[in-house]
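Okay, structure first, notes after.
Rule-based calculations on the coordinates, nothing more; no lab input. Computed from a predicted structure; not experimentally measured. Every residue, glycine among them, receives a Cβ derived from its backbone with ideal geometry; neighbour counts consider all protein chains shown.
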Amino acid sequence: MSKVQGSGTRKWRLPLTFPLIQPSPFERGQRRVRLIVKSLLLLILTGLILGGFLSAGIYAYLKPQLPSPDALRDVRLQVPLRIYSSDGLLMAEFGEKRRTPVALSEVPKTLIDAFLAAEDDGFNDHVGIDPTGLIRAAFELVSTGSIQSGGSTITMQVARNYFLSREQTFTRKFKEILLALEIEQTLSKDEILELYLNKIYLGKRAYGVHAAAAIYYDKTLEELDLAQSAMIAGLPKAPSKYNPVNNPERALIRRNWILDRMLTLGLIEQAQRDQAHSQPMTASVYQQQVQFEAPWVAEEARVQLEDILGESIYTQGFQVHLTVNSERQAAAQRAVLDGLMEYDRRHGWRGPEAQLDGDPAQWLAHLQSLRPDIGGLVPVVVHTLTDTHVEVLTRDNQRLTLGMDALKWAKPRLRNRDALGSEPTDPRFLAVGDLVRVTPGAQPLLAQLPDAQAAFVALKPDTGAIEALIGGFDFTESKFNRALLANRQVGSGIKPFIYTAALQAGYTPASIINDAPIVFKSGELQSAWRPQNSGGKFYGPTRLREALYRSRNLVSVRLLREMGIDATVERLAALGLPTEKFPRNLSLALGSGSLSALEMASRYASFANGGYRVEPWLIDRVVDSRNAVVLRTRPAIACPDLCPEAPIDPVQAARLEPQPEVRLLSEALDIRWAPRVIGESEAFLINSMMRDVVARGTGRRALELKRTDLAGKTGTTNDQVDAWFNGFHRDQVASAWVGLDQPDTLGRREYGGAAALPIWIDYMRVALADAPMVELTPPASVVKLKIDARTGREVSIRAEGIFEWFAKDRTAAAGAASAGDNTTASNETQGPKPKNSQAAPSAADAAKLF
């Protein structure tokens, strides 16, 4: 080694003894590669170390924010509210999300395989995430700005769908990955797949595979073929983009790609793939499979349930079981439609709904824009007219022929409902292009939408359970529920209550009241009030039984005046009538008070069940998605043979509350007995008197049912504005009302027995088809005596007379009274003295009465 001179220190250096050797270009390249590899390995190692610390930090930060996967074992899917009849038929569904959860064992293997091929073919092997898929998705995101192939496993989708939002952030993605890993540690693969198939959104409000099969194909899961299964499996990727209804071309491409994937994965054979490939797209949008429609009932049940449980009813999967019987509801619907159309035909043809311009193609387009039917009546356009028939065009581009038998009812309405022209002799009262209606069926009739409306309620007399309820002609045209909300004057329908009050006050069916003219004067009235019978005639002294079945107005007015208004109203309140809505004057005797059809039916139930007060109810029980009962109605039950007698004092009875209790309970409920509000003997007597209404009075049209166990009362208000029939059998009570929404006359002779009774008859024909005849059995508290039909007094058994029933403590001698023949208001009949009197109704009430 040599020293470096010229310095105070020694420095050593390698002597340049050997010549410097320069590396070749190849060697320099090798060195450069080794340096790059070493650098990359160092960076990767450093990244892994730092990534581990970073991942641990992210996990530590996000872990407290993550829900527990254990919650998935107790998950409650958003399932719509479903309403069922008492015999288990689906009536309606309410809720934004249509879903029916199913067990994995109920899902066909073909459908499962299609989903795995489309979404996650490694589902059964991975631990919740697919690193390859994530890397591929990340590369696509960096290189193209979007993810083309997807990177989420089915487990990750379950984590996102049940716990996370769909926001596109890295934080949400990290949460999704961590949750997926934890879910795989908590649940089995089958449990994860079942949650996925029930939760996934598949377009058109369909959540889960069961709903998708019903909505797109109107099928159950078991009925799906391979092509349909592949189509449904293609929807999760983009339910709008690949929707077979909105984008059938894209959906077809997606479906066929899934079929190819299934073939590649060995899930199907080549022949299966080829056959499914060749199938056309057949998807459509099908409505929920409602097994029978009862919109008035379903809507009322929905409103009641929302009042009790709140808006959560639309997502909690509640199943509501009603008291309504599907067969009887259908019979009521048919009876109302037929009754209104029959009424409408009696009052003439009002003309076409519209006159359409253009050609048949334009007519067809217009027909297809309309509802298929309203109240069962189908819109058509007059296409061809001849001397003997008319051809009409349907929305299906079919031709129907209507002969003169289908047209002859159409007498033109001239000035009003009672002014009609002549029966048509040829079809030329119609014109080509007329939009008209026809009835459905093989032999259609010309028809028109009725301008009258109706309401109908039927219920069980012993419990008040509603079995049928119709609120009008067509729910979609008018959702106003007339059965519940239309309070209309009841006319003579009030008389059985007045007569019941009379029996309670000491009168008998043989008591005599003078059916004679009566005049009331009042300072409020510009002229005197002269109530009349419907025919304008007077019949003199009349027994109460005859006065009821012949519906004599003057007898009712005199009877109410004798009993006293306040005392009578008190007794009516005890029967459950809402007397706060009634006038406190003599017009009450003729039905100036207003009630709904539901109120009438429920109050008439007391006549049918032997004198007990029950209240109407609709919701029997509500069960949750696990079939646990969360709500049950406990009605008060009429039980004359078993339950203890309740007081019948009118003041005490009026305070009783037999309203059905609705409880949020699942345990068994004890029985509640309905209070008795009509004594045993009075209940028998009024029932007997009302049977005569059908046997020989204003309701005798019901004799066509060929039964002797029917009872009821017609009701008609002044100028035939409202027409009623309220009647009953021992096991069924029903009220029918017909009228116009804007009160006006229904037309001449449209009394309760003509307009409303046919509806009641048609319903009872079905409801009582298998019901045995029920004879009216007299209780021990009544006795049958022979009386003089003119005086109502008892006569000897050998004398000429008729038989009548009496309460044992009220003999014919005590109950009968003689009547004078004076026609002025000052001449009163003999009998119980009035506690108070009010000479005349108000001017408003008097104007509405006979």
> Which of the pairs LYS495/LYS706; LYS537/LYS706; LYS109/LYS237; LYS537/LYS784; LYS175/LYS237 have their Cα atoms more than 27 Å apart in this structure?
Replying inline: LYS537/LYS706; LYS537/LYS784
> How do 716-729, 392-405 rank on mean C-beta neighbours within 10 Å, highest first?
Replying inline: 716-729, 392-405
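Can you order the peptides 762-774, 592-604 by their average number of other Cβ atoms within 10 Å per residue, highest first?
Numbers: 762-774: 16.1, 592-604: 25.2.
Highest to lowest by the protection proxy: 592-604, 762-774.
Taking neighbour counts of Cβ atoms within 10 Å as a proxy for exposure, in what order, fewest first, do LYS808, LYS460 appear? Let's see the in-between values first.
On the way: LYS808 11, LYS460 23.
Ordered from fewest to most neighbouring Cβ atoms within 10 Å, LYS808, LYS460 come out as LYS808, LYS460.
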> Summing Lys, Arg as +1 and Asp, Glu as -1, what charge do residues with Cβ under 15 Å from the Cβ of GLU750 carry, GLU750 excluded?
Replying inline: +1
>> Using 0.36 nm times the number of residues separating ALA780 and VAL795, minus their current alpha carbon distance, what extension gain do you get?
In response: 3.2 nm
> Under 18 Å from a point 7 Å along the Cα-to-Cβ line of GLU477: which residues of region 428-463 have their amide N that close?
Replying inline: 435-441, 445-456
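May I ask for the net charge around ALA330, where only other residues with Cβ less than 14 Å from the Cβ of ALA330 are counted and Lys, Arg are +1 while Asp, Glu are -1?
-3
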>> Which of the three applies to region 181-266, rounded, prolate or oblate, going by the alpha-carbon gyration tensor with a ≥ b ≥ c and a/c under 1.5 meaning rounded?
In response: prolate
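If the chain between LYS237 and SER312 were fully stretched, how many nm would it gain, using 0.36 nm times the residue separation less the Cα-Cα distance?
Numbers: separation 75, 0.36 × 75 = 27.00 nm, distance 2.96 nm.
Stretched out fully, the LYS237 to SER312 stretch lengthens by 24.0 nm.
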> By the scheme Lys and Arg +1, Asp and Glu -1, what is the net charge of all other residues having a beta-carbon under 11 Å from that of SER602?
Replying inline: +1
> By the gyration tensor of its Cα atoms, with a ≥ b ≥ c the square roots of the eigenvalues, what is the shape of region 451-503: rounded for a/c under 1.5, prolate for a/b over b/c, or oblate?
Replying inline: oblate
> Which order do SER511, SER105 fall in if you start with the one that has the fewest other Cβ atoms within 10 Å?
Replying inline: SER105, SER511
> Using a ≥ b ≥ c from the Cα gyration tensor of region 319-372 (square roots of the eigenvalues), is it rounded, prolate or oblate, where a/c under 1.5 gives rounded and otherwise the larger of a/b and b/c decides, a/b for prolate?
Replying inline: oblate
> Once the dipole of region 350-447 is set up with Lys and Arg at +1 and Asp and Glu at -1 on Cβ about the Cα centre, which of ASN397, GLN443, TRP363 lies farthest towards its positive end?
Replying inline: GLN443
> What is the spin-label model distance, in nm, from ARG749 to LYS537 if the labels are put 7 Å beyond Cα along the C-beta direction?
Replying inline: 1.7 nm
> With no solvent and one point on each alpha carbon, what is the Debye value of log10 I(q)/I(0) for region 350-447 at q = 0.22, 0.25 Å⁻¹?
Replying inline: -1.17, -1.41
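Would you order GLU194, GLU750 from fewest to most other beta-carbon atoms within 10 Å of each residue's own beta-carbon? Numbers along the way, then the final one.
Details: GLU194 20, GLU750 25.
The most exposed by this proxy come first: GLU194, GLU750.
Compare the peptides 383-391, 253-261 by average per-residue count of other Cβ atoms within 10 angstrom and give them in order, highest first. Before the final figure, lay out the partial values.
Numbers: 383-391: 15.0, 253-261: 20.7.
With the highest mean Cβ count within 10 Å placed first, the list reads 253-261, 383-391.
Calculated FRET efficiency, GLN362 and ASP809, Cβ-Cβ r, R0 56 Å, to nearest 0.05? Before the final figure, lay out the partial values.
On the way: r = 79 Å, r/R0 = 1.41.
The calculated FRET efficiency here is 0.10.
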>> List residues of region 343-357, by number, whose backbone nitrogen lies under 16 Å from a label position 7 Å along Cα→C-beta of LEU414.
In response: 347-350
